[in-house]
Structure formats: structure tokens, C-alpha cells
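Have a look at the structure below, then the notes.
No value in this document is a laboratory result; all are computed from the given coordinates. Keep in mind that what you see is a predicted model, and the values were worked out from it rather than measured. Note: ideal-geometry Cβ built from the backbone for every residue, glycine included; neighbour counts use all protein chains shown.
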Amino acid sequence: MSETSIRAMAAHDIDCVAALHGACFEESWSGDMIRRVLGTAGAFGLVARPADATPVAAFALGRIVVDECELLSLGVAPLQRRQGLGAALLDAAIARAATLRARRFFLEVGEFNSAARRLYESRGLRIVGRREDYYALTGGGAMDALTMRCEPVLPARRRAAPPAAESAPDARRAMSSRS
Ligand SMILES: CC(C)(COP(=O)(O)OP(=O)(O)OC[C@H]1O[C@@H](n2cnc3c(N)ncnc32)[C@H](O)[C@@H]1OP(=O)(O)O)[C@@H](O)C(=O)NCCC(=O)NCCS
């Protein structure tokens, strides 16, 4: 994979992010909605692009409230998937949460969204709840959402620590809270 560039979402990215959101989700968010989300306390946005492409190809929106970080949305342009952009953005959002001392990182994901579920599982998130009929489907009906969470919030470099490091107190805490 070519190197991914990630930076904070800027005002001039919002139209592009709204278009990406529309390409990723049935219920799309307008630029105004994204602006409103970014205007709430603790909210943050990230955008990513592969090194060999100029336009922003992926985005993440999150919010940190006290000691919890919620991933509000994550999307990658359909033609840019499976290149690591989603994972890189998720890692960046988790790293931000860890830096700002969030103790929990959580999100909602459609129960049949196997791509996203695998991505989140690969980063240590586990299913902790279910919200019935959470997502409306365009053809009618609704899909349940699963709440996935990791606690504590460990950035990628600490999750990937070699086994020897697991005797450190922090790592022991991480292992016991995930079992
Ligand atoms: C989910 C999504 C963000 C993944 O982004 P991506 O850039 O394609 O993901 P990555 O290339 O970083 O993949 C990382 C890991 O996620 C998992 N994964 C991603 N796409 C997958 C797929 N189609 N099938 C199975 N596993 C998948 C794999 O474990 C993958 O690791 P691998 O490539 O080493 O096997 C992207 O598919 C997307 O935007 N989907 C539509 C919007 C959405 O559902 N967002 C999440 C809402 S909760």
C-alpha cells in the first residue's frame, strides 16, 4: 500500500466529505450537518488520502465527551477501499482519543456490515450491545445496530507491543478488561 496521509478536516473539505458520506451511506449527511457536528463540543474530523491521489478519499468524525470517545462516522470512497485508509483513520481516531485520555472508545455499526465489523474487531473493539431497528433502510424496514467498544483505549503502537511488554501494568490491565 502507498503511504496514507491523514490530517484534520478543514472547512474546505466539508463539501467533499459530504459527497463521500453520500457515497458510503444510505442516509447521507449534508455539508451543513457535518458543520453542525464539527461545531459541537469535543467533536473532531479527520480526512485521509493515499499518497498517490490528490482528493480526499476517506473521512472520520468523532466526539470526545469527558472520558468517552464516540466514532460518529467513518467512510472510504468505494474505489479506494481495501488499501488501508479505513484502518489508518480508525487508528488515528483511537490515538487522538488516547492522547486526550478517553477511557472508552465506542461506535454503532450495522449488524450486517461485515467489512466495518471486521475492521473494528481488528482494532480490539468488541460487541457490547444492540440497538434494535437503529438504521432505516431505503427499501423500507430497518437494521439493528451493534454497539462496539474498546476499553481501555490503546493506540496502535501499544496494541502492537511485543509479548515481553505484556508484563507491564498497563498491558495487564488491557488484557484483563478485554477478556
Ligand atoms: C468499512 C470501511 C470504512 C473499511 O475501509 P477500508 O479502507 O476499505 O478498510 P481497510 O482497507 O483499512 O481494511 C482494514 C481491515 O478491515 C477489514 N475489511 C475491510 N473491508 C473488508 C471487506 N470488504 N470484507 C472483509 N473485511 C474487510 C479487514 O480486516 C481489513 O484488513 P485486511 O485488508 O488486512 O484484510 C469501508 O468499507 C467503508 O467506507 N464502508 C462504507 C461505510 C461504512 O460502512 N462505514 C462504517 C460505518 S460503522
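Over all distinct Cα pairs, what is the inverse of the mean 1/r for the range 4-178, reported as the Kirkwood hydrodynamic radius in Å?
16.9
Pop out the ³J(HN,Hα) list for the range 64-79 in order, Karplus 6.51 cos²θ - 1.76 cosθ + 1.60 with θ = phi - 60°, rounded to Hz; leave Gly and Pro as x.
Taking θ as phi minus 60°, the curve returns 10, 10, 6, 10, 10, 10, 10, 7, 7, 6, 8, x, 10, 3, x, 7 Hz for the range 64-79.
What is the spin-label model distance, in nm, from residue 28 to residue 41 if the labels are put 7 Å beyond Cα along the C-beta direction?
So the two model labels end up 3.3 nm from each other.
Using just the helices of the chain, give the 222 nm mean residue ellipticity in deg cm²/dmol: DSSP H runs with n ≥ 4 each add -39,500 (n - 2.57), and the total is spread over all residues, rounded to 500. Spell out each step's value before the answer.
Working: 6 runs with 57 residues, N = 179.
About -9000 deg cm²/dmol.
Could you tell me which trypsin sites (Lys or Arg not before Pro) in the range 1-84 are loop residues by DSSP with no more than 15 other beta carbons within 10 angstrom of their beta carbon? Before the final figure, lay out the partial values.
Details: sites: 7, 35, 36, 63, 81, 82; in loops: 81, 82.
Here the sparse-neighbourhood loop sites are 81, 82.
How tilted is helix 85-99 with respect to the longest principal axis of the chain? Cα atoms for both, answer in degrees (0 to 90, nearest 10).
Helix 85-99 sits roughly 60 degrees off the main axis of the chain.
Would you mind ranking 13, 67 so that the residue whose beta carbon has the fewest other beta carbons within 10 Å leads the list?
67, 13
Tell me, how many Å apart are the Cα centres for the range 1-41 and for the range 81-113?
Answer, in whole Å: 15.
Only loop residues by DSSP count here, and only those with at most 15 other Cβ atoms within 10 Å; note down the chymotrypsin sites (Phe, Trp or Tyr not before Pro) in the range 45-124 that meet that.
112
Using a simple spin-label model with points 7 Å from Cα along the Cα→Cβ vector, what separation in nm is obtained for residue 136 and residue 5?
Computed distance between label sites residue 136 and residue 5 equals 3.9 nm.
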